[in-house]
Ligand SMILES: Nc1ncnc2c1ncn2[C@@H]1O[C@H](COP(=O)(O)OP(=O)(O)OP(=O)(O)O)[C@@H](O)[C@H]1O
Ligand SMILES: [Mg+2]
């Protein structure tokens, strides 16, 4: 059992090893974060003032960079005044893990700062709704069109050249236009997610559909399947598991457009929460909110993966995952 | 030394059988069939002036070197490929596109992975508007015939190659086609499974009203199965000879060493692997040098 045992090309790992590695893939970055946060000599470029001494602008808990602190310390020594004391610290934008975990909890328990503000869970719910509608609308157009384009060359030739062009246009560029057309509330946000997802979706799904083994269609035809029935009885069931997998990946892309989308018009949802917290330098809350998005996204994907296995018991590749 | 023409000798029983076959109506007729593939690199004549007839309940094998157009021929007959000239008639109707009258079994199984074995076999009937109940009864019958009644609810990926091909055969036959077209159906199977499948296919053929056109490149398989063997030659694909197999029926594996079998095989070998140097016409790039560079130690000999 040497090290080489771990590096066999494309080998199947035992499920214990797989789980262990999955845990490690999360533990490694967390460990790194802990090291940087709790071990003083790794980074800690700032000093956190615990006693201002006679430095007139120092305050308790103020962060100053090391050079300034040393300068002031020398000044006070020369002048024979009371010396300030401080301990090494990281900049404000890198809170320690425990602070973020704490914020993660308190974010849900603290009421919003302003009277008309939203709780964190309300902000999240807004975001989820925007994603949901954006992805649903995109899929309602993109999936059928993609399947048709992958099946019939005529559809592919008619739509794909333009889509190929349009997908290079950055979705956020349509922000102002979307606001002008759809108002300042959820409309333009949903539109940005649709624009960001739809064009990729059509192309990806058309490609997946084209990958369906043509001999299956030939077999169906020799069994007396009419051309019209081929789509419904062979193409669609044949590509369904791959289509489902594509949708999972595309949903991830839709999430990446969320932040830009929510900045358009009146900012809302989790993005509003994040920008608010950042403005007051509550970076622990910012991290907590970002973490939240990650957790929601990942659990959503895991749920869909699990569901996929149940839905397509005949799909070999999915069942191996 | 035996006579080269021994393969033409037929016992009275065999001759009588062939006379009887020729009495039956012609199901498939191919007249002056041509197939030219037009590609960016130019034209390839895959088939040239192919003529033959197949009678009802006849078992015809097509054999020939790689690239002689066997697959092209059967795909044209299945309606999956167009042809450039001549005629292909099924029951005197020109073949135009695929239909259930011409069932096909492919080398690559082509089962629908999302359907269970039972649903796969039922597919053709459902596409042609049979009710679930009628179809179900038919299908169960067929699954029993191919010995898969225990696997009705299995998915294709859970089956072995031989089992998959049995499903494919049942799936084609449940439609009651006039002719069953098979393109190297057992090519991917191991020798043992293959032998079993051959006997099984003969058994099925004996018991139902079906005409079979079977492509293979295995000489033994062709002789074992066929009434007649259509021998094609390559570049361009032309009919070289149509051989009436003189091995009596019912066939069994012991006949592999019978004189008729060996004579027929000798003839096929002479046709397909002629002794002259026409060989390199098939594969222009491959020639084995007479002297090779030695990559091992002089003392390290294997012979
Ligand atoms: N789609 C195609 N486009 C162009 N040329 C083709 C096409 N299909 C076949 N050919 C050519 O036609 C000839 C006959 O091919 P075909 O597949 O019918 O041979 P085959 O007898 O089935 O060969 P094998 O025994 O290897 O299966 C070959 O020279 C091949 O290169
Ligand atoms: Mg072939």
Check your understanding: Which ordering of A:44, A:98 is given by a fewest-first count of other beta-carbon atoms within 10 Å?
Key -> A:98, A:44
**Study point:** For the protein assembly as shown, Kirkwood radius (reciprocal of mean inverse C-alpha pair distance, Å)
**Key:** 31.4
Exercise for review: Calculate the tail of P(r) for the stretch A:46-89: the fraction of all Cα-Cα distances greater than 17 Å, expressed in %.
Suggested key: 17
Practice item. Restricting to chain B, compute how many DSSP beta bridges are antiparallel as a %, nearest 5. Key: 55
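Report the semi-axes of the equivalent ellipsoid for the stretch B:74-116 in whole Å, largest first, where each axis is √(5λ) for an eigenvalue λ of the Cα gyration tensor. If you can, show how the numbers build up before the last one.
Working: eigenvalues 124, 26, 12 Å².
Equivalent ellipsoid of the stretch B:74-116: 25, 11, 8 Å, largest first.
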Exercise for review: Just rank B:238, B:203, fewest to most, by other beta-carbon atoms within 10 angstrom.
Suggested key: B:203, B:238
Point to revise | Per principal axis, descending, Cα span of the stretch B:1-121 in whole Å | key: 50, 45, 35
Review point. Pairing the Cα long axis of helix A:269-279 with the longest principal axis of chain A, what angle in degrees results, from 0 to 90 and rounded to the nearest 10?
Key: 20
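Kirkwood hydrodynamic radius, computed over distinct alpha-carbon pairs, for chain B: how many Å, to one decimal? Each step should come with its number before you reach the end.
Numbers: mean 1/r = 0.0475 Å⁻¹.
After inverting the mean inverse Cα-Cα distance, the result is 21.0 Å.
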Revision key, fill the gap. GNM on chain B, Cα springs under 10 Å; top mean-square fluctuation among B:41, B:53, B:265 goes to B:41
Practice item. Take the alpha carbon atoms of the stretch B:216-238, find their center, do the same for the stretch B:87-126, and report the distance between the two centers in whole angstrom. Key: 23
**Study point:** P(r) of the stretch A:115-236 over all Cα-Cα pairs, binned every 5 Å from zero, in whole percent
**Key:** 2, 11, 15, 16, 15, 12, 9, 7, 6, 4, 2, 1, 0, 0
Review point. Where is the GNM fluctuation largest for chain A (alpha-carbon springs, 10 angstrom cutoff): A:248, A:16, A:210?
Key: A:16
Practice item. Can you give me the three principal axis dimensions of the stretch A:28-124 from its C-alpha atoms, in Å, biggest first? Key: 56, 40, 14
Study note, to complete from the structure: Helix B:259-272: inclination vs chain B longest Cα principal axis, degrees, rounded to 10, gives 70
Review point. According to the Cα gyration tensor, what semi-axes, each the square root of 5 times an eigenvalue, does the equivalent ellipsoid of chain A have, listed from largest to smallest in whole Å?
Key: 52, 27, 16
Practice item. Working from the alpha-carbon coordinates of the stretch B:108-176, get Rg over Rh, Rh being the Kirkwood radius. Key: 0.92
Revision key, fill the gap. Reduced to Cα centres, the span from the stretch A:61-94 to the stretch A:1-38 in Å works out to 41
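Restricting to DSSP H runs of at least four residues, report the calculated mean residue ellipticity at 222 nm for chain A, -39500 (n - 2.57) per run over all residues, nearest 500 deg cm²/dmol.
That calculation yields -22500 deg cm²/dmol at 222 nm.
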**Study point:** Taking B:190, A:186 and counting other C-beta atoms within 10 Å, the order from fewest to most
**Key:** B:190, A:186
**Study point:** Between helix B:117-127 and chain B: long-axis angle, C-alpha atoms, 0 to 90°, nearest 10
**Key:** 70
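Every number here is computed from the coordinates shown, using simple stated rules; none is lab data. Only a predicted model underlies this, so the values are computations on that prediction, with no experimental measurement involved. Ideal geometry is used to build each Cβ from the backbone, glycine not excepted, and the neighbour counts take in all protein chains shown.
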